[in-house]
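Inspection log for the structure reproduced underneath, given as structure tokens.
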Amino acid sequence: MTNDNEPGDLKPSAETPVDKIIAYHDRTKHHPERYARGLNGLDWATQPNPFRRFAGAPVVQLPLAGGDDTPAAAILFGAGTTTPQPFTLGSLGMFFELSLGLSARKEIPGMTWYLRINPSSGNLHPTEAYAILPARAWLPGGAGVYHYAPLEHALEHRGRQSPAGKPGGDEFYVGLTSIIWREAWKYGERAFRYCQHDVGHALAALRHAAAALGWRVELLPEWTDAKLAGLLGLDRPEDFAGAERETPELLVRVMTNGTTEPTPATTDAPVEWFGSANRLSRAHIAWPAIDQAIAATERTAPMAEKSAVPALWPPPAPPACAHSSAQLIRQRRSAVDFDGTTGITREKFLAILDTTLPRPTMSPFDAWPFPPRLHLVLFVHRVTGLDPGMYLWLRDLADEEPLRRAFHDVPDWEVPADQSAAVPLRRLRRGDLREFARSASCHQDIAADGVFSLGMLAWFEPVLRERGAAAWRELFWEAGMIGQALYLAAEAAGMRGTGIGCYFDDMVHQTLGLTGHDWQSLYHFTVGCPVEDLRLRTAPPYEHLKL
Ligand SMILES: Cc1cc2nc3c(=O)[nH]c(=O)nc-3n(C[C@H](O)[C@H](O)[C@H](O)COP(=O)(O)O)c2cc1C
């Protein structure tokens, strides 16, 4: 199926990949008077299957966690220590269950759907995961590449590695990919952005699950897209005949033994492949602008040189929470409605924001080996002890002066009363911003009815010019990671969060007096006191495996 409202090239005159991705970025902005190009209404007949399977691939069933012996939730926010769980089939199952597994089954009469530990725009779940495992007595297929199937909580053996090429020690790897069509089905051209947000959420979810097990995760920036596609078998058209393509995103190393120092990644491509990918929709609509954005942002060289996460901030001060880490991870949900009245204390508000600061030993940003590029523009509605208004949360104080110079329309730049300047909160404007926040988030009430909402402001074009167009994807990943940190921190504070992918980018820029592309708002988020939708029945996630 083709899409006749589709113009041709993204920007025929654009010469460089960076120009092309900036053109895609601009073209996929929502504006109050014009939303990014999509379909008018959903075609339910082509709704994509949210679960990829590889027919014919041998299946390894992962055990479901029986009890919960995970440490207190503070470990997810860098506070406390725990003994690493030994690397077994059970702990591997727990790792996937707590990162990318199912979290609940939702039902209304005539309809059932699943939620997952990791959130996803529209619950469409474009992110797929592969484990690259070493040979172990408990792994019947031996060393190789295994696709994680969340509905079955199972691994599908996609590729057998030669024993000589297996990764050694107590480490394994996880590769993430995107099936862009899953998002494009609903969101049209803007879908590529959401897929990248979802990758960031999934990366942070992997890191949080590892923290609950006492394990560590590090991103491997040296993996180009072609190399990753080769490792994961994405470049084997014969295995994807008639099925939707998967694009490579990233590879991480998971270190299950807290004491060993990582060795260079030695993951060889498999020597034998199994299984064929299922087709997720019976028809598709082409979105050439997305294909061009994928091509423009292909990672052909390593990401930027890895740098140690700087020790910029004092020790973490996470929200006090009596939950275990598994409990907190499992209960994360997106709020669909807030009560519009409940507030939070300034202490809790700051504790939520504190979890977004990059620290060398704190999940999830210890897995992100690049300097922070995003800051938070906050719309504060109901925080006791803080005037309602617009605030800035600086994730790196070194950006304070550049931002102050860039904001041309900000009346104040003040450290709030009773607060040290070392706390990176600045007041930009006093006032009731509920209506503005609602409008800027595509008129969604959740941006106004909570305790605060925010836009994530990224140092944008200079980063792309310096690091190349593939860094556009990394900025969205970082935004997704911040979102995931906020989701868990909101739960720990007795609140609930929701990622907001629908927002009017330029409305936020205009209110700050930002011009050009140096800074761009990449993602919105909101936190508040949730109101449950009582029409929905919620059932445990894996009842179907226990029958
Ligand atoms: C990138 C992203 C964008 C999202 N955008 C919105 C949004 O604009 N409005 C909204 O109500 N929810 C939004 N959500 C929340 C999703 O709808 C939610 O994650 C999904 O329905 C799954 O539910 P769960 O988070 O409770 O598991 C977004 C989530 C993500 C990850």
When restricted to Pro288, Pro316, Pro302, Pro364, the only residue under 30 Å from Phe240 (Cβ atoms) and either touching a Phe, Trp or Tyr at 6+ places or on another chain (Cβ under 7 Å) or modelled with pLDDT of 95 or more (or both) is Pro288
Single unsatisfied condition, Asp354 versus (1) touching a Leu at 6+ places or on another chain (Cβ under 9 Å); (2) of a type in the set (D, E, K, R); (3) at pLDDT 95 or above:
(1)
How many residues, within the range 460-480, are out of contact with any strand residue (DSSP E or B) (no Cβ under 9 Å at 6 or more places or on another chain) and part of a loop (DSSP other than H, G, I, E, B)?
3
Could you please find all residues in the range 141-198 being on the phi > 0 side of the Ramachandran plot and over 23 Å from the mean Cα position of the chain (by Cα)?
Gly142, Gly144, Gly169
Show the residue pairs that are 6+ apart or on different chains and have beta-carbon atoms under 7 Å apart, the first residue being within the range 224-239 and touching a residue at least 24 places away in the same chain (Cβ under 8 Å), the second being in a helix (DSSP H, G or I) and of a type in the set (Asp, Glu).
Gly233/Asp239
Looking at the range 374-390 only, could you name the residues that are buried (at least 20 other Cβ atoms within 10 Å of the Cβ) and in contact with a helix residue (DSSP H, G or I) (Cβ under 6 Å, 6 or more places away or on another chain)?
Leu374, Phe379, His381, Val383, Leu386
With respect to Gly200, determine if the residue is within 14 Å of Thr127 (Cβ to Cβ) and either within 15 Å of the ligand (Cβ to nearest atom) or surrounded by fewer than 24 Cβ atoms within 10 Å (Cβ to Cβ) (or both).
yes
Condition first: within 16 Å of the ligand (Cβ to nearest atom), buried (at least 17 other Cβ atoms within 10 Å of the Cβ) and of a type in the set (Val, Ile, Thr). Now tell me which residues in the range 314-344 satisfy that.
Ile329
Filter result for the condition that a residue is among the hydroxyl-bearing types (Ser, Thr, Tyr), at pLDDT 95 or above and within 16 Å of the ligand (Cβ to nearest atom), over Thr127, Thr88:
Thr127
Specify which of the listed residues (Phe274, Phe349) is surrounded by fewer than 22 Cβ atoms within 10 Å (Cβ to Cβ) and in contact with a strand residue (DSSP E or B) (Cβ under 6 Å, 6 or more places away or on another chain).
Phe274
With respect to Arg382, is the statement that it is under 24 Å from Arg467 (Cβ atoms), in contact (Cβ under 8 Å) with a residue 60 or more places away in the chain and more than 16 Å from the ligand (Cβ to nearest atom) true?
no
Filtering the range 409-448 for residues that are more than 16 Å from the ligand (Cβ to nearest atom) and either of a type in the set (A, V, I, L, M, F, W, C) or under 27 Å from the mean Cα position of the chain (by Cα) (or both) leaves a count of 14
How many residues, within the range 61-77, are touching a strand residue (DSSP E or B) at 6+ places or on another chain (Cβ under 7 Å) and crowded, with 19+ Cβ neighbours inside 10 Å?
3
If I ask for residues that are out of contact with any Ser or Thr (no Cβ under 6 Å at 6 or more places or on another chain) and crowded, with 23+ Cβ neighbours inside 10 Å, which ones from the range 461-470 would you list?
Leu464
Being assigned to a loop (DSSP other than H, G, I, E, B), at pLDDT below 90 and closer than 25 Å to Ser120 by Cβ is the requirement here; does Pro262 meet it?
no
Just a yes or no: is a residue in the range 61-71 hydrophobic (A, V, I, L, M, F, W, C) and either out of contact with any helix residue (DSSP H, G or I) (no Cβ under 9 Å at 6 or more places or on another chain) or within 14 Å of the ligand (Cβ to nearest atom) (or both)?
no
Do we have any residue at all in the range 211-224 that's within 16 Å of the ligand (Cβ to nearest atom) and in contact with a helix residue (DSSP H, G or I) (Cβ under 7 Å, 6 or more places away or on another chain)?
no
Aliphatic (A, V, I, L, M), under 21 Å from Trp477 (Cα atoms) and within 16 Å of the ligand (Cβ to nearest atom): is that true of Leu100 in this structure?
yes
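The values are calculated or read from the model by the stated rules, or taken from the named source; none is laboratory data. As the structure is a prediction and not an experimental result, all values here were calculated from the model. In this analysis, Cβ positions are derived from the backbone assuming ideal geometry, glycine residues included, and neighbour counts consider all displayed protein chains.
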